[in-house]
1. Tell me, what ³J(HN,Hα) does each residue in region A:211-218 have, in order and in whole Hz, if you take phi through Karplus 6.51 cos²θ - 1.76 cosθ + 1.60 with θ = phi - 60° and put x for Gly and Pro?
2. Quote the convex hull volume per residue of chain B, based on C-alpha atoms, as a whole number of Å³.
3. Normalised by the residues of chain A, what does the relative contact order come to in percent, with Cα pairs under 8 Å and at least six apart?
4. Whole-Hz Karplus ³J(HN,Hα) for region A:324-331, in order, using 6.51 cos²θ - 1.76 cosθ + 1.60 and θ = phi - 60°, x for Gly and Pro?
5. Take the eigenvalues of the Cα gyration tensor for region A:25-66, scale each by 5, and report the square roots as semi-axes in whole Å, largest first.
6. Taking every residue in B:26-33, how many Cβ atoms of other protein chains lie within 10 Å of its Cβ, on average?
7. I'd like the carbon and sulfur percentage of the solvent accessible area for the protein assembly as shown, probe radius 1.4 Å, heavy atoms only, ligands and nucleic acids excluded.
8. Counting only residues 5 or more places away or on other chains, whose amide H sits under 5 Å from the amide H of B:A28 once H atoms are built in the peptide plane?
Amino acid sequence: MTEPVAGARKVVLPPHRVRAQRPLGTRAREWTRENLFPSPAQAVVTLLALAFATAIVALAVYLVLAAEWRVITVNRWLLFAGGFPQDQEWRLWVSVALVFPLIGAAFGLWASLGRRDLLFMALAAGFLFFLARHGDAGWASTVWVAGSLALFFAGYLVCRLVPREPGRARSIATWTAGGALALALPAVLAVLMAAGGARTNEFSGFMMNLILAPVGIAGGLLLAIPLAVGRASSLRAVSWTCTAYIELIRGAPLIGWLFVALFILEDVIAGDLIVRTMVVLAVFTSAYIAEYIRGGLQALPHGQTEAAQAVGLGRTRTLQLVVLPQALRISIPPIVGQAISLWKDTALISAILPLRELVGNSKAAIAQPEFIENRIEVYVFAAVLFWIVAFVMSRVSQRMERSLGIGER
Amino acid sequence: MGNEAASAAAPEIIVTEGVEKWFGDFQALDDVTMSVKEHEIVVVLGPSGSGKSTFIRCLNRLEEHDAGRIVIDGIELNDDVRNLNAIRSEVGMVFQQFNLFPHLSVLNNITLGPRKVRRQPKREAEEQAMQLLERVGIPEQAEKFPAQLSGGQQQRVAIARSLAMQPKIMLFDEPTSALDPEMIKEVLDVMQELAESGMTMVVVTHEMGFARGVADRVMFFDEGALVEQGTPNHFFDNPREERTKLFLSQIL
Ligand SMILES: Nc1ncnc2c1ncn2[C@@H]1O[C@H](COP(=O)(O)OP(=O)(O)OP(=O)(O)O)[C@@H](O)[C@H]1O
Ligand SMILES: [Mg+2]
């Protein structure tokens, strides 16, 4: 800014007048320069964003206009269940019908369904019906899908009847739903395997992802609690052992540990590779969750322990009844984050191990000469399946955080 | 209050002899020798940092003393865990920050100790809890959670939680200091009622009205030492020690 020179005074118009007088083309050019290309670095970002947007639009146009979804309907069984014995299909459906009402109950208790959720669910339901009906499938799967969805909403509505305010009714409902959720995994495994069902080495396809991730998360959580407590222990030997375990596991990526499942663990744990994979996923996850729980333990005010001791509770009971319930609650958000991350990581398994989860079976589908052109369809389909589950998990956890009143002590 | 005649003959339920407490190089308690009789109400006064909290926390072993003896109802506080558990269920403590368990309902806050430590059946523990809530004046809050209560209500729940263990002695560490002025009275009223019912109480407080009106005896701490003690009348009107006079001139 220079000082105005005497005698050289100009009439200064209000800014909008100045703009309005200039031609539209000039204004558009100026806007573009100011907002999209103010500096070389910004220009690069803008161009990248443009390229990305173009790619997305192109993909969308392709999916809507040119894609051939027959590759999905023909390979439906391969993608979802792979080597699972086809005559045992009912076991898969019973598992779905078992889990859906529980997810509904979780939404009902901890998260009300907003308009956006309902839109999402309508889309997801439409997607499922499309899958169930399209091609040469019989009516049975459509009926199962419809029944499961109905059970989902039944679970949701029943739990909506429970009052939101804390109280006896709500505690009972919470404990029942929590217990049922905890038992869901063993129950599903029993349905799939018991009394002449499938063997673990027959698990494959999307169903394998849907089993491996919860096993990893549940196992990880169970291992993580003693690890976190142990790390905080005043006994050096205990705390050092736990610290060493946690840091060792977190020091290498999941891929590395999957190789351990393939080669090293074979001598330790007999049995199927999938069982060893389950162990590795649980161990891997436990190290991360243990750290989150430790954070929760440290966040707890010391007065809580003192109050528990002052009413006469010993160390173990103080931990079990006062400290851990609160620490776990504080660490729910990062634990769910870890769960979602593990869920997505299950897509790595076929890349390393001779196991065929959804991605592995997707490759098998594309390998058929007939469908060699349809790789985009198959991968988009797999991505959508992964995304749906991740979305539901993150949605429940967001709502759950709010209704558990985390952050409001 | 009103117990003086009785307490003259009553047995001593708290006895400390030459108690010392060190935090590293810092001496927080210096040769504290005192005793409290059954049913007696003792108010502990002193400037900030004088060791009042440290002292009453030693009485239920939330802090371990480094020298001297502490005997509660005939049981010496030492490393013996059985003694510790016996003491903890005989001595109730109320904290400045309430320290209610936020994940438990009011009712469960109160029944936790009786059920898990005393192994009382659930029904019985809940009946007792409801009686205690009546006593502290908030039976309608039983199903709520601590975060839903006002500070004064929380502190009254905390008192009920301690009473549920049927202690012989109650320790209070500045029970009204975290409260808004309009809630202080409701807590003090509960404490006064408790005092009248014959509970033995050791109370750290800055409420001079409570000290004058309810205490049988006032103890004055400064720099970790028990400087002076006496009846409220003696203490407030005729203090002997210079440090006491200085303290009183600052707060009155
Ligand atoms: N855990 C601890 N570690 C180190 N120093 C401590 C610890 N607890 C207390 N102290 C110190 O001991 C001294 C006495 O503390 P105490 O809390 O007993 O004082 P107080 O009389 O209760 O004071 P206030 O009126 O502020 O509560 C203080 O100087 C304090 O800094
Ligand atoms: Mg204090």
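The values are calculated or read from the model by the stated rules, or taken from the named source; none is laboratory data. Bear in mind the structure is a predicted one, so any value in this text is a computation, not a measurement. Reconstructed Cβ throughout: ideal geometry from the backbone, glycine too, with neighbour counts over all protein chains shown. Just so you know, the surface numbers come from the protein's heavy atoms only, side chains and all, with ligands and any DNA or RNA stripped out. Shrake-Rupley method; radii C 1.70, N 1.55, O 1.52, S 1.80 Å.
1. 9, 4, 5, x, 4, x, 6, 5
2. In chain B, the Cα convex hull volume per residue is 132 Å³.
3. 20
4. 4, x, 6, 5, 5, 5, 4, 8
5. Rounded to whole Å, the semi-axes are 28, 13, 4.
6. Rounded to a whole number, the mean comes out at 0.
7. The computed percentage sits at 61.
8. B:K21, B:W22, B:F23
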